[in-house]
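After the structure tokens below, expect a handful of questions from me.
The values are calculated or read from the model by the stated rules, or taken from the named source; none is laboratory data. It should be emphasised that the depicted structure is a prediction, and the values quoted were computed from it without experimental measurement. Cβ: placed from backbone, ideal geometry, glycine included. Neighbour counts: every protein chain shown. Remember, those area values only see protein heavy atoms, side chains included, never the ligands or the DNA or RNA. Shrake-Rupley method; radii C 1.70, N 1.55, O 1.52, S 1.80 Å.
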Protein chains: 2
Amino acid sequence: MNGAESLVHSLLKSGVEVCFSNPGTSEMHFVAALDRIPGMRCVLGLQENVVTGAADGYWRMTGKPAVTLLHCGPGLANGLANLHNARRARSGIVNCVGDQATYHRPLDAPLTADTEGFARGVSQWVRTSSKASQVGADAANAVQAARTSPGQVATMILPSDTCWDDGGVVADALPVPAVPQAEMHAVRNAARVLRDKKNVLILLGGTMGTSEEAQVEANRIAAATGARLLAETSNAKFQRGRGRLQLERVPYPADVAVKDLSQVEHIILVGSKAPVGFFAYPNMPSKHYPDTATVTVLTRPEQDAVTALRALADEISAPKVAMPDAGPRPEVVRGAPSPEALARTIAALMPEGTIIVDEAVSYGRGFFPHTHAAPAHDWLQITGGAIGCGVPLATGAAIGGGGRRVIALQADGSAMYTVQGLWTQAREKLPVTTVLLSNRKYQILIGEYQNVGANPGPTAMNMLDLGNPDIGWVKLAESLGVEAAQATTLDQLADLMSQSFSRTGPFLIELVI
Amino acid sequence: MNGAESLVHSLLKSGVEVCFSNPGTSEMHFVAALDRIPGMRCVLGLQENVVTGAADGYWRMTGKPAVTLLHCGPGLANGLANLHNARRARSGIVNCVGDQATYHRPLDAPLTADTEGFARGVSQWVRTSSKASQVGADAANAVQAARTSPGQVATMILPSDTCWDDGGVVADALPVPAVPQAEMHAVRNAARVLRDKKNVLILLGGTMGTSEEAQVEANRIAAATGARLLAETSNAKFQRGRGRLQLERVPYPADVAVKDLSQVEHIILVGSKAPVGFFAYPNMPSKHYPDTATVTVLTRPEQDAVTALRALADEISAPKVAMPDAGPRPEVVRGAPSPEALARTIAALMPEGTIIVDEAVSYGRGFFPHTHAAPAHDWLQITGGAIGCGVPLATGAAIGGGGRRVIALQADGSAMYTVQGLWTQAREKLPVTTVLLSNRKYQILIGEYQNVGANPGPTAMNMLDLGNPDIGWVKLAESLGVEAAQATTLDQLADLMSQSFSRTGPFLIELVI
């Protein structure tokens, strides 16, 4: 058995079922092993940010790491931005990066690069396999690292001779470390805060902290104490809709966030970080909560938020309470698009169990209030601010979603970074409805430019405007095998969206906004 | 004057004229400064590998560094693969990467990343500006580093407060270090080798080593001594066609290279590296020249290859000789495409002074012999093996080419990594004719798979095949504003190519192969 075969067997034994792939020459023995050994679903991406972003989406829906197959340092580099987002989402991923043979590396052939150096900034675990007999054990270790709560990016680098040499040894799965529990003193501290302080904010973060179960417990606490509940600005997987809380997020714009949090005297962190600006701005505080506010940690991101919230609710003797009713489900709005009307229309149409992938950027900031009364759904966001995650995330979420409908709310500028992912959706016949928000500019940047103090002139607009030429989204999607149509009104959008739900494959609707 | 304004003024003073750009929030003050201060041509790319690859192409044609404008660590990461290629091409580029404000970075906001860490693997020079008053001087240093022979990647990281704070100081251009000359003993050593040894190979590399001037001197030496001349496998800018030598390259396939070099007893390196495999293969030597061959360096890549070759020719008293005639210009071939017939057709049609951008990968390995008798032209190759350089390189070469026609010979799989660059070609109305070689598979990898010892099965083919769905190249190009048509015969290709030469903007021909 060669090293590559031991790799595939070991990954399968550790429960890895999907390989998102963009292979090259140095990975051919890995490809050959995948070919010979049944059990791994292999999904090709035509650019590596599609591969890594899909692995992120897959983890968010399944809690299981996928493996990526990437080609040398530059192939890894092409996938770094979505690994950055995955790291911020605290997703578990096993990257397998092929590389020059151990003895060939010193010759500095053209594709030789600092693969470990590229990996380090996005990975909690990095290892370069040294020989075939080690590859299986390295793979088991990588999966264990990826599955360590809350989820980690593990990158193993595979010199090609470690794959083709004989002597591979299949490794058994290693135990997944238990999710750590909150310290009891943390629960008691938080209880004391809730008893003694006014204007307490409980800030929910992470997949555990924004889960329905966590919301049920947080709701008890809020009902008993009057504490305010909020989620972080960006969330990996937020369970929303009917049966869940009508929870808002810390606003993105600095001035709005500062104002919104101005009354907060104490923050209890549940898998979250105290709110700071996405960026700094001149004459604007970097921290968005008052200097006088104190901060208590109930759970760190890796700790069990649900159990901790339940313990906290019990500690303060908060009675069980029903989840608040979200009110009537919105209806389809007719006519010209607006963010609110679009959100209501989507809430009106989305099937139960929909997965929303939200890279709507500036247009999507107000979607939440209008979708609370939608059927229960999961809402996936861009977590690391590296735009270009939406199309890949939708792809991976669909593969991990077991047939659930994915609705991708996708800004046009961001879509262009990883548009290649549409092809993978077509090839895999994934149930993804993309609503492509076509405003033909980097709207968020035009807003930021105006914040600098002026309207953009021609040179600046040349860098902020996506028109000239307009991108033909219907043609672009069709060229990649995705059925597509344009809508200029919400009526048209609603019709097309309903049609898309009956398709077995992806569908893109260009909504001109 | 704020830091950003001092940056733009300093870059202009140092002779930087073009900014390839993909900005974000943290770069808005830089964008605003570009807006206010005239003199810089700003070119938007919709993904960062387009930006960095275009800067590479621009340098190759002009020998002048462009500046890139990139957004934080992940924005830089998206451009790393083509910076890797640029580093291997020894191109000069100044990257300006915006980043979190100095005081905001410790808060670890979502987009915070190890920007310096990402930069290091591709940059010979990295500096993070610390305050506004330093930005101008840092920019002048970066340009000096980029222009240091043979050309370097210089990355300056600009925390946003260093751009918006007052106190910017414009820096004067720093002197460009002279191109170092070869050591005299290196010339004498090479002369001794040529006098004493048989089966000497003179291996030309780098833009200086493959220039027409270098070829004239190398031709004297070869004519006088019988030494063999070859170029490296991958070349940044190779001057070819009528009036130049009919020079071949070290073959890419390992077995072919080993056989081709089997008689070599001595190698004289001229800005080149001794030939090693692009990858290692089992039971195949890593070095492609005989173990018994000795190696002499005439010039290192940063040294003046032309002067050294002239000195060497004089040292051995080689008479001046005419450049060999390339024979009659090929004619357009009719009928079904083949690599040879395509090369002859392009040789028949290309205008004098054409810039060929070659990312034809496996299909293009045999193009050279059939294009020696074409009009004088420059041939740009993928230098670092990170595919996805072709479309950006063509974009930047057109901007640096002063109206010269660019013909991009582009494999389909590789094109998909940076297809967004077509949009920039359309926006800038660049004279680029792309011949898109559409074989709907990663042909090079299928060959490599077969080398592993078997034909790919369904799982492997699922990772090597680009059909299902076929990419609609004409639609794809049109969706990005590029006129396009399909050809299935070389007659059609020739007609379309001739048409494209009369257009003011880009044109893509999908050649089904």
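Under the definition of Cα pairs under 8 Å and six or more residues apart, what whole-number percent is the relative contact order of the range A:401-513?
Relative contact order here is 36 percent.
Okay, moving on. With a 1.4 Å probe and every protein chain kept in, tell me what percent of the accessible surface of chain A is carbon plus sulfur.
50 percent
Let me ask you something else. Taking every alpha carbon pair in the protein assembly as shown, what does the distance histogram look like in 20 angstrom bins from 0, in percent?
Result returned by the calculation: 13, 44, 34, 8, 1, 0.
Further question: Per q in 0.19 1/Å, what log10 I(q)/I(0) does a Debye calculation on the alpha-carbon atoms of the range A:114-204 return?
-0.91
What share of Cα pairs, in percent, lie more than 23 angstrom apart in the range B:162-281?
Roughly 43 percent, once rounded to a whole number.
Scan around residue A:231 for amide H atoms under 5 Å from its own, H built in the peptide plane at 1.01 Å from N, and keep only partners 5 or more places away or cross-chain.
So residue A:231 has HN proximity to A:204, A:248, A:249, A:250.
Using Cα-Cα distances under 8 Å and only pairs 6 or more residues apart, what relative contact order does chain A have, in percent?
Once normalised by length, the contact order is 14 percent.
When a/c is below 1.5 the answer is rounded, else prolate if a/b is larger than b/c, else oblate, so apply that to the range B:92-131 with a ≥ b ≥ c taken from the square roots of the Cα gyration tensor eigenvalues.
prolate
If you take every residue apart from residue B:382 with its C-beta less than 11 Å away from the C-beta of residue B:382, what net charge results, scoring Lys and Arg +1 and Asp and Glu -1?
Taking every other residue near residue B:382 into account, the sum is -2.
Related question: Could you give the DSSP H helices of chain B that reach 30 angstrom or more along their long axis (alpha carbon positions) and whose average Kyte-Doolittle hydropathy is no lower than 0.5?
none
Rounded if a/c is under 1.5, else prolate if a/b beats b/c, else oblate: with a ≥ b ≥ c from the C-alpha gyration tensor eigenvalues square-rooted, which is the range B:178-239?
The shape class here is oblate.
Now for a separate question. For the range B:436-480, report the translational diffusion coefficient in µm²/s to the nearest whole number, using Stokes-Einstein at 25 °C, 0.890 mPa s, and a Kirkwood Rh over Cα pairs.
209 µm²/s
Set the Förster distance to 45 Å, then compute FRET efficiency between residue B:198 and residue A:166 from the Cβ-Cβ distance, nearest 0.05.
0.60
In chain A, what residue has the beta-carbon at the shortest distance from the axis of the rotation relating A to B, and what is that distance in angstrom, rounded to the whole number?
Nearest residue, distance rounded to whole Å: A:475, 2.
Report Rg (one decimal) and Dmax (nearest whole number) for the range A:341-399, counting Cα atoms only, units Å.
11.5, 30
Oh, and also: When we measure straight from the Cα of residue B:131, which aspartates and glutamates land under 17 angstrom away, once same-chain ones fewer than 8 places off are left out?
B:5, B:27, B:99, B:116, B:161, B:165, B:166
Out of every Cα-Cα pair in chain A, what percent are more than 30 Å apart?
Cα-Cα pairs in chain A separated by more than 30 Å: 51 percent.
Taking residue A:41 in one copy and the same position in all the others, each labelled 7 Å out along Cα→Cβ, what are the pairwise distances from the first, in nm, shortest first?
Nearest first, the other copies' label points are 4.8 nm away.
Can you give the % of DSSP beta bridges in chain A that are antiparallel, to the nearest 5?
So the antiparallel bridges in chain A amount to around 10 percent.
State, in square angstrom and to the nearest 100, the accessible area buried between chains B and A, both chains counted, probe radius 1.4 Å.
Result for this pair: about 8100 Å² buried.
If you don't mind, another one. Can you check what the Kirkwood hydrodynamic radius comes to for the range B:248-302, Cα pairs only, in Å to one decimal?
11.7 Å
Evaluate the range A:344-443: find the radius of gyration of its Cα atoms, find its Kirkwood radius, and give the ratio Rg to Rh.
Looking at the range A:344-443, the ratio lands at 0.94.
What does the convex hull of the alpha-carbon atoms of the range B:62-108 project to on average, in nm²?
3.8 nm²
Give the lysines whose C-alpha is closer than 18 Å to that of residue A:237, dropping any in the same chain fewer than 8 places away, or say none.
A:64, A:273
Another question, then. How many nm separate the modelled label positions at residue B:242 and residue A:36, each set 7 Å beyond the Cα in the direction of the Cβ?
Going by the 7 Å Cα→Cβ label model, 5.6 nm.
If every alpha-carbon in the range A:31-181 counts as one equal scatterer, what log10 I(q)/I(0) does Debye give at q = 0.17, 0.19 1/Å?
-0.97, -1.21
Using a 7 Å offset from the Cα along the Cα-to-Cβ direction at both residue A:131 and residue B:451, what is the distance between the two label points in nm, to one decimal?
It is 2.6 nm.
Just add up the charged neighbours of residue B:481: K/R +1, D/E -1, any other residue whose Cβ is under 11 Å from the Cβ of residue B:481.
-1
Follow-up. At residue B:181, with labels set 7 Å past Cα in the Cβ direction, how many nm apart are the copies from this one, shortest first?
8.0
May I pose another question? At what distance in nm do the modelled label points of residue A:470 and residue B:365 sit from each other, each positioned 7 Å from its Cα along Cα→Cβ?
Between residue A:470 and residue B:365, the simple spin-label model gives 4.6 nm.
Tally Lys/Arg at +1 and Asp/Glu at -1 over every other residue whose Cβ is under 14 Å from the Cβ of residue B:310; what's the total?
-4
I've got another one for you. Taking residue A:197 in one copy and the same position in all the others, each labelled 7 Å out along Cα→Cβ, what are the pairwise distances from the first, in nm, shortest first?
7.6
Give me the one-decimal Kirkwood hydrodynamic radius in Å for the range B:1-116, with the sum taken over alpha-carbon pairs.
So the Kirkwood estimate lands at 14.4 Å.
Which of the lysines could a cross-linker bridge to residue B:475, judged by Cα under 24 Å and excluding same-chain residues fewer than eight apart?
A:429, A:441, A:475, B:429, B:441
Turning to a different aspect of this structure: Calculate, in whole percent, how much of the Cα-Cα pair population of the range A:233-374 lies beyond 26 Å.
Percentage above 26 Å: 38.
Please report, in whole Å, how far the alpha carbons of the range A:414-513 spread along each principal axis, starting with the longest.
48, 28, 20
Could you name every residue in the range B:155-186 that has 30 Å² or more less accessible surface in the full protein assembly than in its own chain alone (probe 1.4 Å, ligands and nucleic acids excluded)?
B:164
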